[in-house]
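To start, the structure itself, in structure tokens.
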Amino acid sequence: MDRTSATDVLICGAGAAGLTLGIDLARRGVSFRIIEKLEVPFAGSRGKGIKPRTQEIFEDLQVVDRVVAAGGIYPPDREYRSDGSFQDSADPLSSPTPTEPYLLPLMVPQFLTEGVLRTRLAELGAQVEFATELIGFEQEQESVTAQVKSATGLESIRASFLVGADGGRSFVRHALGIDFPGKTLGVRAVVADVIVDGLSNDVWHRWGDGDMARQIFLCPLRRTEMFQIQGPVPMEGDVDLSPEGLTELIAVRTARRDIIVREVRWASAFQMNARLAGKYRQGRIFICGDAAHVHPPTGGQGLNTSIQDAYNLGWKLAAVLGGAPDSLLDTYEEERRPIAQDMLGLTTKLLQALRERGDMHRGKEVQQLGLGYPGLSLALNAAARDGKLLAAGDRAPDALLQGRAGQSLRAFGLFKGPHWTLLGYHAPQETSIAARHNLHVHQIGAAGDVLDSSGALREAYGLRPGDWVLVRPDGYVGAIVDSTNLPRLEEYLQGVGLARTTAAGTS
Ligand SMILES: Cc1cc2nc3c(=O)[nH]c(=O)nc-3n(C[C@H](O)[C@H](O)[C@H](O)COP(=O)(O)OP(=O)(O)OC[C@H]3O[C@@H](n4cnc5c(N)ncnc54)[C@H](O)[C@@H]3O)c2cc1C
């Protein structure tokens with residue numbers, strides 16, 4: 001007979017999205033299981049660019065330094081001309097600013113990033129169940145019952161919620177019959193992790209930029225002995241992914257016979273698609289990451305968007321399990337689907353530029369720091385403000401502050417952890433919001449616990465005395481209200497599961 005068990009959240013898939021969700025739920029004390037059908041972790045480099053916004057999230061999840069240590073900065077590009085000469089150029093390193101502390105062009109092979117995430121999960125007392133596959137599920141009013149197959153047999157897991165973080169071919173999305181419209185982009189590419197003789201590993205070697213038929217790139221993968229090969233290949237026909245086949249592909253495109261592929265650790269020839277799921281939620285079941293959107297790797301957005309989906313969903317699942325209204329979970333799709341839609345447009349546009357002009361300018365938009373949710377249902381603006389200033393829904397910037405005891409503080413330091421943060425800026429003594437579980441309240445100003453001596457917070461947030469800023473657990477501004485609108489803030493807090501705790505219960 002099948003074994004049966006129960007949990008609050010069942011996460012299907014332990015890629016970057018599933019692992020991020022697992023960490024977020026673990027640090028909130030939510031009971032969950034994370035299952036992965038592979039027997040061992042996936043070993044390919046795939047998504048190797050970690051964007052500044054994701055670096056901020058990694059700070060909050062307490063893994064950023066380990067992720068940087070696992071990888072490094074992108075090497076300079078070496079562009080070869082047809083006569084064999086070359087020119088090196090590096091993206092200028094942007095200096096971090098007090099409001100944007102991470103601007104590193106960070107490169108970490110995906111399997112190393114995922115390794116760091118699994119380590120963090122273990123620290124929080126959880127682990128991935130490998131060789132465990134979701135093979136079916138039924139949804140009832142109050143729960144989802146999932147059928148799972150592993151070496152020990154079949155198991156029925158009853159969960160309050162199921163999250164399909166199960167990649168582009170998502171079993172969960174298919175089983176729910178969620179449509180996945182979009183298009184195949186008419187580009188097929190090889191990507192492979194290889195050991196190569198004949199190339200230095202201090203630059204990203206690039207041949208044939210501007211000509212899709214000749215293009216081939218070899219990027220040294222930081223902290224490994226491997227290079228990642230990327231190159232377009234014809235849409236039809238077999239591609240020889242053996243060491244000899246890839247050596248020949250390189251020779252044909254570079255006119256160099258001294259570059260020898262000794263070993264292929266992972267290789268794939270894939271067709272580029274741009275597709276977006278029709279919906280992200282069906283009752284108690286959600287899809288997240290590549291299960292909800294796939295797109296070309298141009299712009300390096302997929303891994304990052306997947307992590308940010310999970311980071312958006314985690315706190316909402318925890319809040320609803322803790323008693324917040326179920327409608328909070330509808331904001332996951334409301335907020336994340338338009339982001340994916342725009343990202344599909346961006347990556348397809350970059351691919352088009354690559355096809356037509358042979359290069360693509362990756363502007364500031366690929367850093368994902370400008371993304372946010374202004375104008376959506378979790379954004380409350382109730383203070384007289386200039387429209388050019390930061391608004392509810394925007395990313396909450398960092399700022400350098402001082403603690404009342406004289407120590408240096410950062411706004412991100414106040415936000416770090418699973419809680420909400422409320423900042424009262426020179427707010428009148430008599431106005432305040434009562435303390436409650438999961439909400440940290442700080443008063444900024446001469447009479448407060450935090451000082452903004454340089455005015456950095458005032459400037460970054462566009463604050464006036466009497467303003468209150470509520471920062472969500474995922475680092476976006478939830479509300480900006482002035483002191484006359486505190487009742488509206490109280491109402492907002494109730495809606496996100498932060499009702500006031502009194503001796504008689506919550507109010
Ligand atoms: C060549 C290439 C280059 C890329 N470059 C970048 C880049 O520079 N930057 C970037 O951000 N992104 C990049 N990406 C995209 C990135 O790799 C993906 O967006 C990312 O892996 C998505 O993470 P995920 O967790 O959503 O899905 P996945 O990583 O696909 O993980 C899903 C997991 O679910 C498991 N699973 C599936 N079905 C089941 C089941 N029924 N039961 C249990 N487990 C199941 C799978 O085995 C898998 O491990 C690139 C991708 C490719 C192919």
Exercise. So which GluC sites (Glu not before Pro) in region 124-170 end up in coil per DSSP with only 11 or fewer other C-beta atoms within 10 Å?
Worked result: Glu140, Glu142
Problem set entry | Proximal lysines relative to Lys37, as straight alpha-carbon distance under 16 Å, when same-chain residues fewer than 8 apart are discounted | Lys149
Exercise. Given a cut-off of under 8 Å on Cα pairs at least six residues apart, what relative contact order in percent is computed for region 183-273?
Worked result: 44 percent
Exercise. Where in region 181-227 are there trypsin sites (Lys or Arg not before Pro) that are in a DSSP coil and have at most 16 other Cβ atoms within 10 angstrom of their Cβ?
Worked result: Arg223
Problem set entry | Fewest-first sequence of His440, His426 by Cβ atoms within 10 Å of each Cβ | His440, His426
Seminar exercise, completed: Rounded to the angstrom and largest first, Cα extents along the principal axes for region 76-198 equal 64, 42, 34
For this session: Report the calculated FRET efficiency for Gln429 and Glu490 (r = Cβ-Cβ distance, R0 = 22 Å), to the nearest 0.05.
Result: 0.75
For this session: Quick one: compute the contact order of region 117-174, relative version, from alpha carbon pairs under 8 angstrom and 6+ residues apart, as a percent.
Result: 20 percent
Problem set entry | Diffusion constant of region 409-457 at 37 °C, which comes from Stokes-Einstein with the Kirkwood Cα-pair radius and 0.692 mPa s, µm²/s | 285 µm²/s
Seminar exercise, completed: Residue separation between Lys183 and Ala405 times 0.36 nm, minus their alpha-carbon distance, gives in nm 74.1 nm
Exercise. Extension gain Asp342-Thr119, at 0.36 nm per residue separation less the Cα-Cα distance, in nm?
Worked result: 77.0 nm
Seminar exercise, completed: Per the helix-only model, the chain has a calculated mean residue ellipticity at 222 nm (DSSP H runs of ≥4, -39500 (n - 2.57) each, divided over all residues, rounded to the nearest 500) of -8000 deg cm²/dmol
Exercise. So what is the relative contact order of the chain, in percent, for Cα pairs below 8 Å that sit 6 or more residues apart?
Worked result: 15 percent
Exercise. For region 183-273, max minus min Cα coordinate along each principal axis, in Å, sorted largest first?
Worked result: 37, 24, 22
Seminar exercise, completed: Cβ-Cβ cut-off under 9 Å around Gly72, Lys and Arg +1, Asp and Glu -1: the net charge is +2
Exercise. Could you give the distance between the Cα centres of region 2-28 and region 361-419, to the whole Å?
Worked result: 28 Å
For this session: Indicate the helices, whole DSSP H runs only, in the chain that combine a mean Kyte-Doolittle hydropathy of 0.0 or more with a Cα extent along their long axis of 18 angstrom or more.
Result: 302-321
For this session: Would you give the gap between the C-alpha center of region 439-506 and the C-alpha center of region 49-97, rounded to a whole Å?
Result: 35 Å
Problem set entry | Per-pair calculated FRET efficiency, R0 = 56 Å: Arg257 and Arg158 via Cβ, rounded to 0.05 | 0.40
For this session: Return the inverse of the average 1/r over all pairs of distinct C-alpha atoms in the chain, which is the Kirkwood hydrodynamic radius, in Å to one decimal.
Result: 24.4 Å
For this session: Note the full-extension length gain between Glu129 and Glu142 as 0.36 nm times their separation in residues minus their Cα-Cα distance, in nm to one decimal.
Result: 2.2 nm
For this session: Would you mind getting me the FRET efficiency between Phe270 and Leu38? Use the beta-carbon distance for r and R0 = 25 Å, nearest 0.05.
Result: 0.90
Seminar exercise, completed: Note to self: Kirkwood Rh of region 387-426, Cα pairs, one decimal, Å, is 11.9 Å
Problem set entry | At most 12 other Cβ within 10 Å, DSSP loop - GluC sites (Glu not before Pro), region 424-507 | Glu430
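Any read-out appearing in this document is the output of simple, stated calculations on the displayed coordinates, not a laboratory observation. These figures come from a predicted structure and were not determined experimentally. In this analysis, Cβ positions are derived from the backbone assuming ideal geometry, glycine residues included, and neighbour counts consider all displayed protein chains.
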